[in-house]
Structure formats: C-alpha cells, structure tokens
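For reference, the structure discussed in these notes is given below.
Read-outs: derived from the displayed coordinates by stated rules, not from any lab. Keep in mind it's a predicted model, so treat the numbers as computed, not measured. Here the Cβ positions follow ideal geometry from the backbone for every residue, glycine too, while neighbour counts run over all protein chains shown.
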Amino acid sequence: MVEVTFCETGEWWLISPEGRRLTLYGSPEYAPGQQSIAVMCPGLEYGGGQPNSVQIFRLQQGVLRPLWEMRPTSWEPEELFWTDANTLYLKREEYPGGRQGAMTYWRLTVAAAPK
C-alpha cells in the first residue's frame with residue numbers, strides 16, 4: 001500500500017504483485033480477519049475533486065474486489081468502524097438543503113464470504 005498526497009487531498013494505492021493498482025480515496029479500514037476493507041471519502045462539503053463515497057471491498061480468491069459502493073448527495077461519511085468481520089458502523093452527517101445537519105449512524109451487515 002502506498003499513500004499518495006497532493007496539496008489538499010490524498011489517495012491510497014494498493015498494488016498487486018503483478019503491478020495492478022487499485023486506487024482508494026480514503027484510508028482503508030480492515031475488518032477483523034482482514035478479508036474485507038471499507039473506505040470512506042467525505043467529499044460533499046469540500047471534495048477537492050474526490051468523490052463523496054463509501055466503498056466495501058472483499059478478498060475473493062486472492063484478489064480484492066468491489067462489493068458495494070454508495071455516492072450520496074445529501075449526506076457525507078464522517079467515520080466508520082468494524083465491530084466484527086461482517087458488521088460495519090458508519091457515522092454520517094446530513095446536509096439538508098446544502099446546510100450542515102444532524103449526525104446519524106448506520107449499521108451495515110455484509111453477507112459472510114462463501115466458503
């Protein structure tokens with residue numbers, strides 16, 4: 001993993017042994033067991049050209065593959081953390097009418113990986 005920084009933004013590059021690059025727009029948060037990662041990029045208030053997004057990736061047959069992605073337009077991700085290999089909490093800030101609003105939490109359950 002390589003952290004790349006620009007003037008006001010950053011990216012994280014995951015580079016495979018074959019040289020393929022997966023670009024993440026936020027620091028990866030590894031699930032217990034390290035079979036999944038979640039990434040958030042708060043980009044609604046100020047994106048600096050990066051997406052306002054939340055992504056989940058899962059390791060499948062030795063390759064990290066996208067499992068889920070959301071690019072909200074009325075809220076911004078603030079914090080995320082795993083409580084176990086399949087449960088993730090996401091703190092989000094609402095922006096109703098373009099103004100800063102309430103903080104809420106979502107619990108996301110990721111289906112267990114097939115054996």
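Numerical summary
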{"quantity": "Filtered residues of the stretch 35-82 (kept if surrounded by fewer than 17 Cβ atoms within 10 Å (Cβ to Cβ) and not in a strand (DSSP E or B))", "calculated": "GLU45, TYR46, GLY47, GLY48, GLY49, PRO51, GLN61, GLY62, ARG71, PRO72, THR73, SER74"}
{"quantity": "Residues of the stretch 1-21 that turn out to be part of a loop (DSSP other than H, G, I, E, B) and among the charged types (D, E, K, R), as a count", "calculated": "3"}
{"quantity": "First in the stretch 94-107 and touching a residue at least 40 places away in the same chain (Cβ under 8 Å), second anywhere and surrounded by 12 or more Cβ atoms within 10 Å (Cβ to Cβ) and outside any loop (DSSP other than H, G, I, E, B), Cβ under 9 Å, 6 or more apart", "calculated": "TYR95/TRP75; TYR95/GLU76; GLN100/GLU93; GLN100/GLU94"}
{"quantity": "Single residue of the stretch 58-73 satisfying the filter (of a type outside the set (Val, Ile, Thr) and in contact (Cβ under 8 Å) with a residue 24 or more places away in the chain) that is farthest from GLU18 (Cα to Cα)", "calculated": "PRO72"}
{"quantity": "Qualifying residue in the stretch 22-34 (condition: free of Cβ contacts under 8 Å to residues at least 12 places away in the same chain and either surrounded by 19 or more Cβ atoms within 10 Å (Cβ to Cβ) or assigned to a loop (DSSP other than H, G, I, E, B) (or both))", "calculated": "no"}
